[in-house]
Structures are given as C-alpha cells and as structure tokens.
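Structure record follows, encoded as structure tokens.
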Amino acid sequence: MRPALGFIESETESNYVRPQVMDLLLLLVRAGGGIVSKDEITAAIWRGRFTAESSLTRAVAELRRALGDSAQKPEFIENLPKRGYRLIAEVEMLEAESPKEPSIAVLPLENLAGDAEVGQLADGISEELINTLARLSGIAVVARTSSFAFRDRRTGARELGQALGAGYILDGAVQRDGGVLRITVQLIRAEDGMPLWSERFDRLDWNLFALEEEIARLVLEQMRVAVTPDERTRLTRVHTGDADAHALHRLGRYHLGQRSPAAVMEAIRCFEKAVARDPEYAAPWSGLADGYAVLGFLGFAAPDEAFPRVKEGAERALAIDPLLGEAHTSRAAALGLHERKWAAATESFERGCALAPHAAHSHLWFGIFLGLQGEFGRAWAELQQARRLDPLSMPVLANLGLLLYFMGRTEEAIECHRHVLVLDPQFPLALVHLGRALLQAGRAEEALAPLQASAATGFGWALGFLGMALGRAGRREEARAVLRQFDRLAQARYVNPVLRACVHLGLDEPEAACGEIEAALRGNDPLITILAADPLFDALRGRPQFEAVLRELDFPAACGGR
C-alpha cells in the first residue's frame, strides 16, 4: 500500500484507487481484523456527510477489484450482513519499503547568505549532485522534484526517508564569508537520524565542478556503494575547464526546471552562452536539447523550428560524451515525437534509461512515448519506475492518470487527477488531463472548470480542449470564439492544428477536424501522436481522411493505440 499516492501494489501490478477507497482499506487494516460497522465507515470516510449506501457498496467493490478479491469467496474482505466488514487477510505493518539498493535524497542546500546569486548557486550544486549520482547503477537517487519539496527542513530525517523512500539524506548549506564561498554538507542515516559524515569546503574561485564530483565520491564511499571502473572514470573526468561555462549550465538547469515559456527561453540563453564559452562541454548541449524539446512538445514553438534543434543539441552532446544518458533521451524525443522513427526512438530511450537508470525524467518520457503507441503494460512499468524515483512529482502522477485514461479506465483517471490537484490545485497538466477524462465520461459541463483554470495559467493545450468542452456543452458560439482566438494567436506564434481539431470535434464538424489533423501531419507536430491512443478522437475512426493519417503515422504493428 502507498496511501499518500493512492496505489495498491503487488509484485506484478499496481492499481490506483480513489481516496475514499484507500481510506476504507486503511480503516479495515487499523481495525486489526475486527468488524467495522457501516455507520463507523460512513462516519470515518464521509465525515458525517449524507451518502447513499450504494456509495459504500461501490467503494467495497472497487477495493475488491484492486485486491483481486471476490465477494463470493473472499480472501481479503468479508461482509457480515447487518454487522459490517472486516479484513480477513493477514496483515504485516511495515515502517517503510526496504530498498533493494542504497538510496539517497539530496536536499537543496540552504542559502545562508540570503542573496539570490548564492541561492541559485546552492540549488545548482544540489541538482548537479542529484544528476551525477543518478547516472550510477548501484544507488537509487530521489529526483529533484521530490527532494526539493522539503526545502523548509521542518521534516525530520526519519519522516523524510519514509516519504521519499530514501535510506540516506544529504543535507547542507552555502554561505559567503568575504570572498570565500563556504559549503558544508552532511550525510544522515534516515532510519534514526544519525549523522554519518560531514565536511566543510571553502572555495575562492567558485569553480565548483570538481567540488561537486568530490562530494559525490565521498558520499559513495560513506554509503559503501560499489562503482564500476567506467563509472569511476566518469566521476573523476574533467568535463570543462571553464568555471563560467559550468555556472551557466547550472543556471540554465535551474531555469529549465521552472517550465514556463519565459523560464525555458532564459534556460536556452544560458546553455547557448555555456557552449559558446566551451563547445566541447557536453552537458549544456544536452540542456539545449531539453529546452527545445519542452518548447516543441508543449506548443511554445513550431515543431519544425524546435525539434531539429533538439536533435542537433543531443547529437552534439553525444559526439562529445556517448555515455550521457539524458542526451540519448532527448534524441529519442526528436526521433519519436517529430520524425516518427519509432524503432530508433525506442532504442535511444532504452539506451538513455540504461546509462542513467535512476533518472526519473527518462522513465517518464519513455512511459509517455510507449503509452502513445498503445504499449500500456510497458508504459505503466516505466511510469511506475519514474514514480518510485520521484514519488512527489506531479508530472509523473498526472501522466499515470493520463495512461489510465488511454487504457479506458476513465473514472480511475478522474480520481487520480483529482488527487494530484489536492497537492497543487493550479497544476495545469493535471487540470487539462482531468478535463479530457471528464469529456470522455460525457460530463462536458463539469470539464469546463478545470480546463478554464488551466487556460488561465497560459498552458497552451487547455484552450483546444476547452473549445471542445464548450461545443459539447451546447455553448457553440463560445466554442467558435476559441477558434477566433486561435486565429489571433497565430499572428504572433505557433498554434497547434490538433487543438483546432479538438474544437471542431466539439462542434460536431468532423471534416474540419480531419483537415486540421492533416495540417498537423504535414507540420510534423508532436501532438499528433496522441491520435491513436486518445479516445476523444474515436468519433473520427473509420473516416478515410483520419485512417489515412493513422497509416502515415505508421505505429509499430505490435502497438497501434486503441
């Protein structure tokens, strides 16, 4: 059980359940095999709100499905008529999942100087440590998204370890003492909060590349992690002799993590300055690839402008460092989402995941890519691995919900996205995916609120699905106003034809929708890859124009979406 995330897992599968269903399971577990009456369940889960008895019946049925249980021959949940329910399976309470390999969470270094420059530097050092350790095969590293969620340090080491699935915590601080930059770090064992090692480093020139690798090496020694000869060579390799180039790369990664169009463009400028200073420094070339991949995939730039830059950046990085896992992942995004070279993209994704096995974003992108092709089993496994590495990542959880939606498990997808929005009510990706699932469930009016909220954040995809929802809700003139808004936007920036097609589908104009989809195909737009898997396009299946586009997409024969 992973109560906070809403998942019930076995060795072979993982099932998402609604919050009320997880609450029901927890209530039965805590009863220790005792009977829990229907009134007690209603009071504990629905907190006194009026609810029909059928709601409890549905919750029990959903819990049984997730557990693989049967009402006729129960192995987990027994129904005692007029008395209540009890858990009859043997239960073992675990404090935390025992990791198969040493695991660590690197917290953002605390900025004791109080100024923005040192703050960016502190975050950059922490992120570089995460990236360096994640490339090693013998240690699991919690991704940046999850570890940075505990910046305030009000959580104890044991609670941090349990929340993040980490056996060790790396903590520390950065401060300025005159012209000296002082970095202190300490390694803490999560199970008892015991400090195992600490060190202070003073630097005059702020050239921190060698320092980051030294800290990584010392951490590995303290954790007794076995490092292969190739990995040891990479740890000690000098990637650039230009301290400013490395600082620019670190700053670029900081901005790229913000994900807004302005921040991504600032990240690209930092990476461009870094490679101008040192063209043989692989990391910022990979950063450039990632920056343009975000611009192209989210529709912030025209695909034929963005994705050639993705491929160029990735291939420049790989020419310098063929073992840079994240560059293989970026190259795979260009090959698959833009060029539609499915086999070559799969090979690059697999290579990237093998070289950086604990890089959550590589498993996330690979999972999305597999889901678009209809390889739902492999996609689920990759996204689950991303979740294990980055348990608090909202993009990972949102894409798990998207995969449930692709698989036809619409109600589960809706509840999954609602869970993500409890963590951040304004997270635009979850709002869009929730709106899509509600549309598929025939609840167009209900879909309007999340799609409007996402559009208000400036997230480009939201407007197309909002237009579809308006059309399906009978608000046709408002839907046509979305098309006119796209016309105005197109005068200043790229507008994705697939999003126009969504509006036409909402207006029941299939011929116009097919015309836009054909335009997206001609423009090599990455969003066209959703057509095979997304059930919202089922209305077009069987139409010659649409089927011709699917044939042109040429998904592998073993896949093919829905």
Report task. Under 8 Å between Cβ atoms, at least 6 apart or on separate chains: pull out the pairs that start in region 517-543 with a residue that is on the phi > 0 side of the Ramachandran plot and in contact (Cβ under 8 Å) with a residue 60 or more places away in the chain and end on any residue that is not polar (S, T, N, Q) and not in a helix (DSSP H, G or I). Result -> Asn524/Glu339; Asn524/Arg340
Report summary line: Matching residues in region 425-476 (under 22 Å from Leu400 (Cβ atoms), assigned to a loop (DSSP other than H, G, I, E, B) and open to solvent by 50 Å² or more (accessible area, probe 1.4 Å)) number 4
Query - Pair list, Cβ under 7 Å, 6 or more apart: region 54-69 residue within 15 Å of Ile41 (Cα to Cα), other residue of a type in the set (Phe, Trp, Tyr) and open to solvent by less than 30 Å² (accessible area, probe 1.4 Å) - result: Val60/Tyr85
Query raised in the report: Does region 525-536 contain at least one residue that is over 29 Å from the mean Cα position of the chain (by Cα) and either surrounded by 23 or more Cβ atoms within 10 Å (Cβ to Cβ) or of a type outside the set (Ser, Thr, Tyr) (or both)?
Result: no
Query raised in the report: If Pro108 passes every condition in (1) modelled with pLDDT of 90 or more; (2) in a strand (DSSP E or B) but one, which one does it miss?
Result: (2)
Query raised in the report: For Gly408, are the conditions met, namely being in a helix (DSSP H, G or I) and more than 14 Å from Leu434 (Cβ to Cβ)?
Result: no
Query - Pair list, Cβ < 7 Å and 6+ apart or interchain, from region 85-105 residues that are farther than 28 Å from Arg135 by Cα and among the charged types (D, E, K, R) to residues that are in a strand (DSSP E or B) and modelled with pLDDT of 60 or more - result: Arg86/Val36; Arg86/Glu78; Arg86/Leu80
Query raised in the report: Looking at region 107-129, which of its residues are open to solvent by less than 10 Å² (accessible area, probe 1.4 Å) and within 21 Å of the chain's Cα centre (by Cα)?
Result: Leu107, Pro108, Gly124, Ser126, Leu129
Query raised in the report: How many residues, within region 484-508, are closer than 22 Å to Asp538 by Cα and surrounded by fewer than 16 Cβ atoms within 10 Å (Cβ to Cβ)?
Result: 1
Report task. Among residues belonging to region 330-363 that are among the polar types (S, T, N, Q) and closer than 21 Å to Ile528 by Cβ, point out the one that is surrounded by the most Cβ atoms within 10 Å (Cβ to Cβ). Result -> Ser330
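When the residues of region 88-105 are narrowed to those that are hydrophobic (A, V, I, L, M, F, W, C) and either in contact with a helix residue (DSSP H, G or I) (Cβ under 9 Å, 6 or more places away or on another chain) or surrounded by 15 or more Cβ atoms within 10 Å (Cβ to Cβ) (or both), which ends up modelled with the lowest pLDDT? Give the derivation first.
Keep residues of region 88-105 that are hydrophobic (A, V, I, L, M, F, W, C), which gives 88-89, 91, 93-94, 96, 104-105.
Filter again for either in contact with a helix residue (DSSP H, G or I) (Cβ under 9 Å, 6 or more places away or on another chain) or surrounded by 15 or more Cβ atoms within 10 Å (Cβ to Cβ) (or both), leaving 89, 91, 93, 96, 104-105.
Details: Ala89: 82, Val91: 73, Met93: 59, Ala96: 46, Ile104: 94, Ala105: 94.
The extreme case among them is Ala96.
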Query raised in the report: So how many residues does region 439-464 have that are at negative phi and under 21 Å from the mean Cα position of the chain (by Cα)?
Result: 10
Report task. Confirm whether Phe307 is under 21 Å from Ala143 (Cβ atoms), of a type in the set (Phe, Trp, Tyr) and in contact (Cβ under 8 Å) with a residue 12 or more places away in the chain. Result -> no
Report task. Look at Gly156 and say whether it is touching a Gly at 6+ places or on another chain (Cβ under 8 Å), farther than 14 Å from Phe201 by Cα and either aliphatic (A, V, I, L, M) or in contact (Cβ under 8 Å) with a residue 60 or more places away in the chain (or both). Result -> no
Report task. Of all residues in region 304-319, count the ones that are of a type outside the set (Lys, Arg), farther than 18 Å from Ile528 by Cβ and open to solvent by 60 Å² or more (accessible area, probe 1.4 Å). Result -> 3
Query - Selection from region 221-274 of residues that are at pLDDT below 90, surrounded by 15 or more Cβ atoms within 10 Å (Cβ to Cβ) and under 23 Å from Ser103 (Cβ atoms) - result: Val225, Val227, Glu231, Arg234, Leu235, Arg253, Gly257
**Report entry** Pairs where the first residue, in region 261-284, is more than 11 Å from Leu248 (Cβ to Cβ) and the second is open to solvent by less than 10 Å² (accessible area, probe 1.4 Å) and small (Gly, Ala, Ser), C-beta under 6 Å, 6+ apart
**Finding:** Val264/Gly291; Ile268/Gly291; Ala282/Ala317
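The values are calculated or read from the model by the stated rules, or taken from the named source; none is laboratory data. Owing to the predicted nature of the structure, the values given are computational and were not obtained by experimental measurement. Don't worry about glycine lacking a Cβ; one is built from the backbone with ideal geometry, like all the others, and counts go over all protein chains shown. Surface areas here come from the heavy atoms of the whole protein model, side chains and all, with no ligands, DNA or RNA. Shrake-Rupley method; radii C 1.70, N 1.55, O 1.52, S 1.80 Å.
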